[in-house]
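Only the coordinates and a few stated rules stand behind these numbers; no lab work does. Computed from a prediction, not measured in an experiment: that's the story for all the values here. Quick reminder, even Gly has a Cβ in these numbers, built from the backbone with ideal geometry, and neighbours come from all protein chains shown.
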There are 2 protein chains.
Amino acid sequence: MSVIYDKVALIGLGLIASSMHWAMKRGGVAGSVTGYARSSETRETARKIGLCDAVFDTLEEVVEDADLIVLATPVGAMGAVMKQIAAHLKPGATVIDVGSVKQTVIAEVQPLIPAGVHFVPCHPMAGTEHSGPEAGFATLFDNRWCLIVPPKGSDADAVARQEQYWQALGAQTEIMEAEHHDMVCAVVSHIPHLIAYTMVGVADDLRRVSDQEVIKFSAAGFRDFTRIAASDPTMWRDVFLTNKDATIEMLGRFTEELFALQRAIRTGDGDQLHAYFTHTRAIRRGILEAGQDTDKPDFGRVQVER
Amino acid sequence: MSVIYDKVALIGLGLIASSMHWAMKRGGVAGSVTGYARSSETRETARKIGLCDAVFDTLEEVVEDADLIVLATPVGAMGAVMKQIAAHLKPGATVIDVGSVKQTVIAEVQPLIPAGVHFVPCHPMAGTEHSGPEAGFATLFDNRWCLIVPPKGSDADAVARQEQYWQALGAQTEIMEAEHHDMVCAVVSHIPHLIAYTMVGVADDLRRVSDQEVIKFSAAGFRDFTRIAASDPTMWRDVFLTNKDATIEMLGRFTEELFALQRAIRTGDGDQLHAYFTHTRAIRRGILEAGQDTDKPDFGRVQVER
């Protein structure tokens, strides 16, 4: 592998940025990596675990002479960060963001990009329920998708280099239009997270079933929801606030469908339920075939030979 | 380990029964195990993979001289099976079911139990998204819970022996009252499954986002739903039809809560969202502490050292 960007600056040192760091080191993708986080505690942790070649206390320092600047803060903070760094960017540099929402980010960040600097919005679709500088690992992006969402008139070379960059980090890339991106993500990510948060909240709020029971017996299905309902609250608050339209549209579809199934239960329409449940199995099969999950029983709990 | 039941008969050879078989063999819990399945194809598969010491083509044969009879069919079929085997049970034998719903099963099966035979409803809370005789494995119940739901007036020795039996299969046991059982399971299992089925159905039904996109980008959250939405359609149809009241009550709570979050998104109430998402994290922590899930990033995908 060879260096794609000589100097990379990471702004925000959470799960995604720290994983990018380790993946860049693994692939020899960057000459050097600098890092910045708003909280001094995060910066200290980063220094302690060797995250980034240098961790700086100011935005001005971290972007100095950088060829690639990565906005890896919650999406709600990206506009403010961009405002602060705009005057300090090197001509020819590329700014990317790694946010989960694209229309709002483009609307906020794009106007602040100085002439001669490229902006390529990216969305690496990978994550775990963990957050913070210690959560990252080099293989996070392996075989996952990174959606690249260039605004109209983007520099073709800057975009092509981003494709090359994410592929060097282990990901597959796809170019997508911003509005479509936000709708796709509402379906495959934002609504599932909101539903999981809701289900966990409901379970906790019940008077008739204790928290202890919910926790003890969680392996029966509930557990799968709690994993994504443990994701970073600030990130997800910003996602829902900035992808409001697609989220609310999809929620409408979801509740409509849920009410139809509820009605089938109430009226005892077993045929409808059976047909519905049979159909959803096929989608799972597609995901396994696409290599986006493992087929191991119970997510890799140790299986003893018969 | 020592033999707890000399002769065990398994009726229905799906994921649960086949896992019970391998777990009994692992622990030396049964003298011998006979099996029956309604479909000749299932019986053939069972014979081919060595599931059960003998597989029989009739219910009369499989229960002959059995000390423990396990009803492991979908819950909707248990009454009919019980009707057929009642006259062929040995005095002193114990019948258990392993269904996910208890009030309905007790109402249907209990009146058919002959004098001198014990009935101990059980619910091993373990499973994977796979079904059929080849899906079972010996460790399925390890560290999972088996809820034991004896009707009033149950024989104390028969119940105690069932506790001992499930513990020998690797599970922890808890005695629970039937109505409470059905409510707990609606929360931790039935509603999560219904929601997962719904979410997968919605994603599939959209015209604006292709199935291929849903499948490709599923790692972003959606994937966790598809696993449980791939569970056995017949089993789950019966669960919802037989646990109708608790399911509909819990669905009401869920949609109420979902609408509250939807309203927070629409009105831009970031504080409410953040507080809600922060709270749900704590429940996840409880599940990890209770040993009901692993904390590995992304369910045990290989993590390369930094």
- Query: In degrees from 0 to 90, rounded to the nearest 10, what is the angle of the helix B:40-49 Cα long axis to the longest principal axis of chain B?
  - Reply: 90
- Item | Peptide-level mean, for A:232-238, of C-beta atoms on other protein chains within 10 Å | 5
- Treat chain A as a sphere of radius equal to its Kirkwood radius over Cα pairs and apply Stokes-Einstein at 37 °C in a medium of 0.692 mPa s; give the translational diffusion coefficient in µm²/s, rounded to a whole number. 155
- Acute angle (nearest 10 degrees) that the helix B:156-168 long axis makes with the longest principal axis of chain B, alpha-carbon atoms: 60
- Quick one: if the Förster radius is 35 Å, what FRET efficiency do B:GLU64 and A:ARG266 give, using the C-beta to C-beta distance and rounding to 0.05? 0.25
- Task: Would you tell me the mean number of C-beta atoms belonging to other protein chains that fall within 10 Å of each C-beta in B:131-143, as a whole number?
- Result: 2
- Note on the structure: With bins of 5 Å, the percent of all Cα-Cα pairs of segment A:85-239 per bin from 0 is 2, 8, 15, 17, 17, 15, 10, 6, 5, 3, 2, 1, 0
- Item | Violating pairs (Cα-Cα greater than 30 angstrom) within the set B:LYS48/B:LYS216; B:LYS102/B:LYS216; A:LYS25/B:LYS216; A:LYS48/A:LYS244 | B:LYS48/B:LYS216; B:LYS102/B:LYS216; A:LYS48/A:LYS244
- Taking the Cα centre of chain B as the origin and placing charges on Cβ (Lys, Arg +1; Asp, Glu -1), which of B:GLY252, B:GLN262, B:VAL239 is farthest toward the positive end of the dipole? B:GLN262
- Counting only the backbone N, which residues of segment B:65-79 are under 18 Å from the spot 7 Å out from the Cα of B:ILE49 toward its beta-carbon? B:72-74
- the protein assembly as shown: antiparallel DSSP beta bridges as a percent of all, rounded to 5: 15
- Task: Show the residues, 5+ positions off or on another chain, whose built amide H is closer than 5 Å to the amide H of A:VAL55.
- Result: A:GLY35
- Message: If each DSSP helix of 4+ residues adds -39,500 (n - 2.57) and the sum is divided by the residues in the protein assembly as shown, what number results at 222 nm, nearest 500 deg cm²/dmol?
- Response: -14500 deg cm²/dmol
- Item | Residue of B:SER231, B:SER40, B:SER19 that the Gaussian network model of chain B assigns the largest fluctuation, springs spanning Cα pairs under 10 Å | B:SER40
- Taking each residue of B:169-178 in turn, how many C-beta atoms of other protein chains fall within 10 Å of its C-beta, and what is the average? 1
- Item | Relative contact order computed over segment B:5-177 (Cα-Cα under 8 Å; 6+ residues apart), in percent | 25
- Item | Integer Hz, Karplus 6.51/-1.76/1.60 couplings in order for segment B:259-268, x for Gly and Pro | 5, 5, 5, 4, 5, 5, 5, 4, 8, x
- Message: With both bridge residues required to lie in segment A:5-176, what share of the DSSP beta bridges run antiparallel, to the nearest 5%?
- Response: 15
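Show me the three semi-axes of the equivalent ellipsoid for segment B:5-177, from the C-alpha gyration tensor (sqrt of 5 times each eigenvalue), largest first, rounded to whole Å.
Sorted largest first and rounded, they come to 21, 19, 15 Å.
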- Note on the structure: Taking R0 as 30 Å and r as the Cβ-Cβ distance between B:ALA80 and B:ASP6, the FRET efficiency 1/(1 + (r/R0)^6), rounded to the nearest 0.05, comes to 0.65
- Item | Theoretical FRET efficiency, 1/(1+(r/R0)^6), r = Cβ-Cβ of B:SER39 and B:ALA275, R0 60 Å, to 0.05 | 0.70
- hull vol. (C-alpha, convex hull) per residue for the protein assembly as shown, Å³ -> 145
- Task: Have a look at segment A:180-292 and give its Rg and Dmax from the Cα atoms, expressed in angstrom.
- Result: 16.1, 43
- If amide H atoms are built 1.01 Å from N in the plane of the peptide, which residues on other chains or at least 5 residues away come under 5 Å of the amide H of B:THR173? B:CYS146
- Message: Between 0 and 90 degrees, rounded to the nearest ten: what's the tilt of helix A:191-205 against the longest Cα principal axis of chain A?
- Response: 60
- Taking alpha-carbon centroids only, segment A:37-52 lies from segment B:229-281 a number of Å equal to 38
- Would you list, by chain and number, the aspartates and glutamates whose Cα falls below 13 Å from the Cα of B:LYS83, excluding same-chain residues fewer than 8 positions away? B:GLU60, B:GLU108
- According to a simple spin-label model (label point 7 Å from Cα along Cα-to-Cβ), what is the distance in nm between A:LEU206 and B:ASP205? 2.6
- Message: Let me check against my output: what whole-number percent is the relative contact order of chain B, with C-alpha pairs under 8 Å and at least 6 apart?
- Response: 16
